[in-house]
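Colleague: Encoded as structure tokens, here's the structure I'll be asking about.
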Amino acid sequence: MNVTAPTAAPPASRKPLYKSLFFQILVAVVAGILIGHLWPDIGAGLRPLGDGFIQLIKMIIAPLIFLVIVTGIAAVSDVKAVGRTGVKALIYFTAATLFALVFGLVVGNVVQPGAGLNIDPASLSQDALNAKTATAPPKDAGAFILGIIPTSVVGAFASNSLLQVLCFAVFFGAAIVVVGRERCMPVVTLMETVLELFFKIMGWVMRVAPVGAFGAMAFIIGQYGLSSLSTYGLLIAACYGAAIVFIGLLFVVAWVYPRVPLWQFMKYTREEFLLALGTASTESVLPRIMTKLTNAGCSRATTGLVVPTGYSFNLDGAALYLSISLLFLAQAFGYNLDLGQQLAALGILMLTSKGMAGVPGSAFLALSATAGALGIFPVAGVALLLGADRLMDSMRVVVNLLGNCVATFVVAKWEGQFDRAAMLRAFAGETTTTDAALEPAGTSVPGSVAAGTAVEQSPLGTSAPAVR
């Protein structure tokens, strides 16, 4: 029988540099730094540009997470597998956070960033700290756990509470599996269609990403200036040095277990990382990074569970910052914490560091709670970090985002829901139907599946065929 070989898709024409989102964001970040440095008042007044872009992203985050998780669980069709994925993710998050906190304490003891400052406690004011944290008391562990359960489904979406949306999505997806995918096929099909619409909206929102990055960076530099670098030089150097070493360890973890070449992954997601740096927020790239991870071979269910949960439970960059900053404050007041005190601080930070994502002043809340529990130096001393906190955003954002990406690869591999061949195809620049949903209206993606063509759904919940 003669079989006609399929015609190969023509190679995609190389996009001009000025049309590259990475290039546009890079130019916007540099322009924002210059505006903020040369004209601080103008830079500080550009904050609405950055805030407006973040709000556009937040507009689609909750429904997008809900749809990704529900359709992913429906594709897996195994409630027990979803439960295993969640447990494995929490195990990994706990281990990673604990290591980051311990590593931060080691760096703080070796570098001694606050030694010799000799701050007088009497010179401190609680007002600045209260303004930053809005005097909100830190939640205890029980209140935090209860806060994950939504009292109202509508309220969870309205308040953009990602953990509550995730909790409801797991129940909804599990109900589809129990009732039966075939019986619920109209609902699943509708959700798949709505998901494509949200991907299209996300593509439109990303067109103004350079504007958001420009406004956010101009505000940060205009408001806080570059002069703070000299005041907190040793603390900043300690945090960024620790972040570089920690990222190196993430490279090792990613290669040893799921066999992911992390450098290629960062090249593949360079637009998302640069945008997160420019806006000083990982939330701004949450929808895009989930799409990229799904295209890179992680199942939709795993990605939908691990990434949003990691935004609250796996903040490796924040953990490094908290432990180093705690020792900085103790040393600045002339206290040398012994091993027992540091172990006690470690246990407190393990609790206070959870649920920090998206909470204004959350790092100060965590440090205030830890300082109050230890009772060694005044809680008002945390205000010393107000000048350096925004300068740490780049470190925290990169480590948090990369740590969650590695966690997704590890958990997906651990659960047997990782398609390495699909990852290599994504890194090579091949497109998928999900990528097509992100393209501007009226354009086509070479090599993608045409609209209306039936696509065989793989067990991983992606459009690429599963590799056995």
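Colleague: What is the packing order of peptides 396-402, 103-109, 34-40, taking the mean over residues of other C-beta atoms within 10 Å and listing the highest first? Mind dumping the intermediate values first?
Modeller: Working: 396-402: 23.9, 103-109: 21.0, 34-40: 16.6.
By packing density, highest mean first, the sequence is 396-402, 103-109, 34-40.
Colleague: With a 1.4 Å probe and every protein chain left in place, tell me how much accessible area residue 182 has, in Å² to the nearest 10.
Modeller: The accessible area comes out at roughly 150 Å².
Colleague: What FRET efficiency comes out for residue 245 versus residue 154 if R0 is 45 angstrom and r is the Cβ-Cβ distance? Round to the nearest 0.05. Display every interim value, and only then the final one.
Modeller: Working: r = 45 Å, r/R0 = 0.99.
Plugging the Cβ-Cβ distance into 1/(1 + (r/R0)^6) gives 0.50.
Colleague: Quickly work out the residue 145-to-residue 47 label distance, labels modelled 7 Å from Cα along the C-beta direction, and quote it in nm with one decimal.
Modeller: 3.8
Colleague: With the full set of protein chains in place, find how many percent of the accessible area of the stretch 281-333 is carbon and sulfur; take the probe as 1.4 Å. All intermediate terms of the calculation are to be shown ahead of the outcome.
Modeller: Working: 220 of 440 Å².
Taking all protein chains in place, the stretch 281-333 shows 51 percent carbon and sulfur surface.
Colleague: Pairs 200/413; 58/80; 58/413; 58/292: which are spaced more than 20 Å apart, C-alpha to C-alpha? Write down the numbers at each step before the final one.
Modeller: Details: 200/413 29 Å; 58/80 31 Å; 58/413 29 Å; 58/292 18 Å.
In this structure, 200/413; 58/80; 58/413 exceed 20 Å between Cα atoms.
Colleague: Just name one of 249, 217, 186: the one whose Cα is farthest towards the positive end of the charge dipole of the stretch 168-319 (beta-carbon charges, Lys/Arg +1, Asp/Glu -1).
Modeller: The residue sitting farthest along the positive end of the dipole is 186.
Colleague: For residue 87 paired with residue 182, estimate the spin-label separation in nm (one decimal), with each label point 7 Å from Cα along the Cα-to-Cβ line.
Modeller: Between residue 87 and residue 182, the simple spin-label model gives 3.1 nm.
Colleague: What FRET efficiency, computed as 1/(1 + (r/R0)^6) with R0 = 25 Å and r the Cβ-Cβ distance, is obtained for residue 256 and residue 98, rounded to the nearest 0.05? Don't jump to the answer; show the numbers that get you there.
Modeller: Numbers: r = 19 Å, r/R0 = 0.76.
According to the calculation, E is roughly 0.85.
Colleague: Please compute the length gained on full extension between residue 110 and residue 192, using 0.36 nm multiplied by the number of residues separating them and subtracting their Cα-Cα distance.
Modeller: Details: separation 82, 0.36 × 82 = 29.52 nm, distance 5.22 nm.
This chain segment gains 24.3 nm when fully extended.
Colleague: Please work out how much accessible surface residue 288 shows to a 1.4 Å probe, ignoring ligands, DNA and RNA, in Å² rounded to 10.
Modeller: 30
Colleague: Report the label-to-label distance for residue 58 and residue 27 in nanometres (one decimal), using points 7 Å from each Cα along the Cα→Cβ vector.
Modeller: The answer from the label model is 3.0 nm.
Colleague: Could you give the size of the charge dipole of the stretch 183-336 about its Cα centre, using +1 on the Cβ of each K and R and -1 on the Cβ of each D and E, expressed in debye and rounded to the nearest 20?
Modeller: On the way: 9 positive and 6 negative charges, 71 e Å.
Computed charge dipole of the stretch 183-336: roughly 340 debye.
The values are calculated or read from the model by the stated rules, or taken from the named source; none is laboratory data. As the structure is a computational prediction, the values presented were derived from the model and not from experiment. When we count neighbours, we look across all protein chains shown, and the Cβ atoms used for this are built from the backbone with ideal geometry, even at glycine. Areas reflect the complete protein model, heavy atoms only, side chains present, ligands, DNA and RNA absent. Shrake-Rupley method; radii C 1.70, N 1.55, O 1.52, S 1.80 Å.
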